[in-house]
1. Quick check, is VAL333 under 27 Å from the mean Cα position of the chain (by Cα), within 25 Å of ARG245 (Cα to Cα), assigned by TED's automatic domain parsing to the domain that holds PRO275 and crowded, with 18+ Cβ neighbours inside 10 Å?
2. Just one of ARG169, ARG173, ARG113 is within 17 Å of PHE81 (Cβ to Cβ), part of a helix (DSSP H, G or I) and out of contact with any Lys or Arg (no Cβ under 9 Å at 6 or more places or on another chain); which is it?
3. Would you mention how many residues in the range 37-93 are more than 19 Å from THR187 (Cβ to Cβ), assigned to a loop (DSSP other than H, G, I, E, B) and away from the ligand (no atom under 16 Å from the Cβ)?
4. For residues in the range 183-197 being surrounded by fewer than 19 Cβ atoms within 10 Å (Cβ to Cβ) and in a helix (DSSP H, G or I), which is farthest from the ligand (Cβ to nearest atom)?
5. Closer than 24 Å to SER106 by Cα, under 17 Å from the mean Cα position of the chain (by Cα) and assigned by TED's automatic domain parsing to the domain that holds VAL32, is that true of LEU176?
6. Quick check on my filter: what residues within the range 132-142 are surrounded by fewer than 23 Cβ atoms within 10 Å (Cβ to Cβ) and in a helix (DSSP H, G or I)?
7. Does at least one position in the range 216-232 carry a residue that is surrounded by 18 or more Cβ atoms within 10 Å (Cβ to Cβ) and among the basic types (Lys, Arg)?
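The values are calculated or read from the model by the stated rules, or taken from the named source; none is laboratory data. Fair warning: this is a prediction, and the values are worked out from it, not measured in the lab. Ideal geometry is used to build each Cβ from the backbone, glycine not excepted, and the neighbour counts take in all protein chains shown.
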Amino acid sequence: MAKVVVENLSKYFDRVKALDGVDITIEDGAFVVLLGPSGCGKTTLLRCIAGLEKVTSGRIFFDDVEVTTLQPKDRNVSMVFQSYALWPHMKVKDNITYPMKLKKISKKEIEKRLNWVASLLDISQLLNRYPAQLSGGQRQRIAVARAIVLTPKVLLMDEPLSNLDALLRVKMRSELKKLHEEVKVTTIYVTHDQTEAMTMGDKIAVMNAGKIVQYGTPDEIYLKPKTLFVAGFVGSPQMNFLKMRVENGKLSGYGIEIVLQKNLALKEIILGIRPEHITLEKTKHGLPVKGTVYFVEKLMSETILHLSIGDNKHVVVKIPYNISPKEGEELTVYFDATKFHFFDPLTEERVE
Ligand code: ATP
């Protein structure tokens, strides 16, 4: 296992800037998720750490050893791909043991390690099958077994669950997490699925346009998003954003007025409130806001209410599944004032 340090890393593909000065430190034994929209550079960062991509500038260290220019085979990393990348002509046990044979590990040790991963991942009954004779979830487990059998310093996973159906994804999520708790190998996991990131990551690095825009625990990312982008990317349904005027110590807009506790140098500010922090019942810190229901989405465990407030501004409210106001109904909702987020409309940075 190793601590991974990435320093000011940039990567160009011709004129495309895939990574733009990335700095990140991943503690020894941590499970860190790279989260971000398609094309933000997640896979490129993972491939640079693996040595599969040559960096344009910057440095990478495993513990205190610089690995920036080392070949992948000399880095002691393993990678699990979305496509599993199993060898189709080899039985499962050969898929798992082949990397060990290449390293000239003794037969006895190979047998020992094979038995270890087979029981860890519950795949003993599959060892004599070919990949084509396995389900997607089983193939994924074999790919993970092959990746950890040599206890790498760093385990890299690139959207490993995205080819699985929704139920299996949830199951594999907890299996991978439990596996990490047992093996404790430093893991870097790429996904664009925020639920995966929130449930699996000790820490999450949110990426956008080749940069890490916030690096923190799931709680920090959810409770204190540093930018408008992070606030909007994490959370489902998305956070509501309301542009408010700042005047005479008050915020106003959409029929809402909020008395400020401190002076703000801005003329306008963006108020963020998550759908789960708006309620139908009056609460201690609830700020009443009148609205008209224009759409109701009944999900299995909750109801999503789309409201029109003020000058036809739409806000989304998450309420219990057994309540469903009628479309066209006028009602009052309560914005929890202890859960407000504020952002500067120009810099898009959080304002405390
Ligand atoms: P996704 O979630 O869609 O896989 P990502 O966040 O992993 O996206 P990358 O695959 O790292 O993003 O791509 C980052 C940027 O670099 C994109 O603009 C992409 O088009 C570009 N890119 C990636 N690989 C190459 C390549 N081999 N040649 C040219 N451009 C590339």
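1. Working: under 27 Å from the mean Cα position of the chain (by Cα): no; within 25 Å of ARG245 (Cα to Cα): yes; assigned by TED's automatic domain parsing to the domain that holds PRO275: yes; crowded, with 18+ Cβ neighbours inside 10 Å: yes.
Here the answer is no, as VAL333 does not meet what is asked.
2. Details: ARG173 fails: within 17 Å of PHE81 (Cβ to Cβ); ARG113 fails: within 17 Å of PHE81 (Cβ to Cβ).
After ruling out the rest, the residue left standing is ARG169.
3. Of the residues in that region, 11 qualify.
4. So in the range 183-197, the residues surrounded by fewer than 19 Cβ atoms within 10 Å (Cβ to Cβ) come out as 183-184, 192-193, 195.
Filter once more, so that each one left must be in a helix (DSSP H, G or I): 183, 195.
On the way: VAL183: 25, THR195: 16 Å.
Filtering first and then ranking leaves VAL183.
5. Working: closer than 24 Å to SER106 by Cα: no; under 17 Å from the mean Cα position of the chain (by Cα): yes; assigned by TED's automatic domain parsing to the domain that holds VAL32: yes.
It is false that LEU176 is closer than 24 Å to SER106 by Cα, under 17 Å from the mean Cα position of the chain (by Cα) and assigned by TED's automatic domain parsing to the domain that holds VAL32.
6. ALA132, GLN133, GLY136, GLY137, GLN138, ARG139
7. Yes, that holds for at least one residue.
Condition check ((1) closer than 23 Å to THR195 by Cα; (2) exposed (fewer than 14 other Cβ atoms within 10 Å of the Cβ); (3) without any contact (Cβ under 8 Å) to a residue 60 or more places away in the chain; (4) among the β-branched types (Val, Ile, Thr)) across all residues:
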residue	(1), (2), (3), (4)
VAL16	no, yes, yes, yes
VAL22	no, no, no, yes
GLY29	yes, no, no, no
SER57	no, yes, yes, no
LEU70	no, no, yes, no
